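S.K.: For reference, the structure I am asking about is given below.
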Amino acid sequence: MSNETTTKNVKVYETSIVPKGEKMVPARKHEMVATSLQIEVVHILVFFIILFGIFAGLWKSAVKAEKAEDDKANSTGLNHK
């Protein structure tokens with residue numbers, strides 16, 4: 001079986017949702033468009049804010065755990081500082 005006989009039976013379907021001869025029109029006016037630099041800056045800022053939030057939460061829970069450990073040692077009389 002050669003490639004010529006197998007390709008003759010292949011149907012080709014249109015991939016666009018726009019009918020032939022028609023033009024696509026925007027749904028709304030694009031009054032405010034961000035540049036790629038603005039989008040990149042916003043992504044970097046969001047990344048650092050999330051990173052700061054994660055590490056601040058870890059720091060807060062570590063301080064809380066350390067304080068609880070010191071309180072437990074003080075209450076049992078095992079803290080000899």
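The values are calculated or read from the model by the stated rules, or taken from the named source; none is laboratory data. This one's a predicted model, so the numbers in the text were calculated from it and none came from an experiment. Note that we place each Cβ from the backbone using ideal geometry, even for glycine, and neighbour counts take in every protein chain shown. Heavy atoms of the whole protein, side chains included, go into the accessibility calculation; ligands, DNA and RNA do not. Shrake-Rupley method; radii C 1.70, N 1.55, O 1.52, S 1.80 Å.
S.K.: Examine segment 18-33 for a residue that is assigned to a helix (DSSP H, G or I) and among the aliphatic types (A, V, I, L, M), and state whether such a residue exists. Don't jump to the end; show me each part of the working.
M.R.: Step one: of segment 18-33, the residues assigned to a helix (DSSP H, G or I) are none.
The answer is no; no qualifying residue exists.
S.K.: Of the conditions (1) more than 31 Å from the chain's Cα centre (by Cα); (2) open to solvent by less than 100 Å² (accessible area, probe 1.4 Å), Ala56 clears all except one; give me its number.
M.R.: (1)
S.K.: Which residue out of Val46, Val33, Val12 is at pLDDT 95 or above and either among the hydrophobic types (A, V, I, L, M, F, W, C) or open to solvent by 100 Å² or more (accessible area, probe 1.4 Å) (or both)? Quick ask: steps written out before the conclusion?
M.R.: Numbers: Val33 fails: at pLDDT 95 or above; Val12 fails: at pLDDT 95 or above.
Matching residue, one of Val46, Val33, Val12: Val46.
S.K.: Something else now. Test each condition in (1) loosely packed, with under 10 Cβ neighbours inside 10 Å; (2) modelled with pLDDT under 80 for Val18 and report the one that comes out false.
M.R.: Result: Val18 passes all but (1).
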